[in-house]
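The next block holds one structure in the form of structure tokens; read it before the comments.
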Amino acid sequence: MSRKGNCWDNAPTESFFNSLKNERVHGAAYANRSEATSDLFQYIAVFYNRSRLHSTLGYLSPTMFLQNWIERQDQQEMAA
């Protein structure tokens, strides 16, 4: 956490929770805690990290961004 009045550290987390609430939770009615947990895991692990495009990553999913980064690292090692 940052010092009082310095909110920059919270921006990525606040952005994530805004997306979570707007894209998944609002309007959903869960029968129990287990159902909610399962649905949120599905959203985060499957959709948010593997499919959803993120503007800060050049409109790539985190998985594709990581894969591209690893490929670039391998190419740099081969060139060196």
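Output the peptides 62-70, 10-18 sorted from most to least packed, where packing is the average of other Cβ atoms within 10 Å over each peptide's residues. Write out the running numbers ahead of the final one.
Values: 62-70: 13.1, 10-18: 10.8.
Highest to lowest by the protection proxy: 62-70, 10-18.
Normalised by the number of residues in the chain, what is the relative contact order in percent for Cα pairs under 8 Å and 6+ residues apart? Write down the numbers at each step before the final one.
Working: 28 pairs, mean separation 10.5, N = 80.
Across the chain, relative contact order equals 13 percent.
Residue separation times 0.36 nm, minus the C-alpha to C-alpha distance between residue 76 and residue 57: what's the value?
Numbers: separation 19, 0.36 × 19 = 6.84 nm, distance 2.04 nm.
Contour length minus Cα-Cα distance gives 4.8 nm.
Using alpha-carbon pairs under 8 Å, 6+ residues apart, how would you state the relative contact order of the range 34-80 in percent?
Values: 20 pairs, mean separation 10.0, N = 47.
Value for the range 34-80: 21 percent.
Give the calculated FRET efficiency between residue 68 and residue 44 to the nearest 0.05, with a Förster radius of 22 Å applied to their Cβ-Cβ distance.
On the way: r = 21 Å, r/R0 = 0.97.
It comes to 0.55.
Along the charge dipole of the range 8-79, pointing to its positive end and built from +1/-1 on Cβ of Lys, Arg, Asp and Glu, which listed residue (12, 31, 54) has its Cα farthest out?
Positive-most Cα among the choices belongs to 31.
In terms of the Cα gyration tensor, with a ≥ b ≥ c the square roots of its eigenvalues, is the chain rounded because a/c is under 1.5, prolate because a/b exceeds b/c, or oblate? Mind showing how you got there, number by number?
Numbers: a/c = 2.94, a/b = 1.52, b/c = 1.93.
It comes out oblate by the Cα gyration axes.
Computed from the coordinates by the stated procedures, all read-outs in this text should not be read as laboratory data. In this text, all values refer to a predicted model and were calculated from it rather than measured experimentally. Quick reminder, even Gly has a Cβ in these numbers, built from the backbone with ideal geometry, and neighbours come from all protein chains shown.
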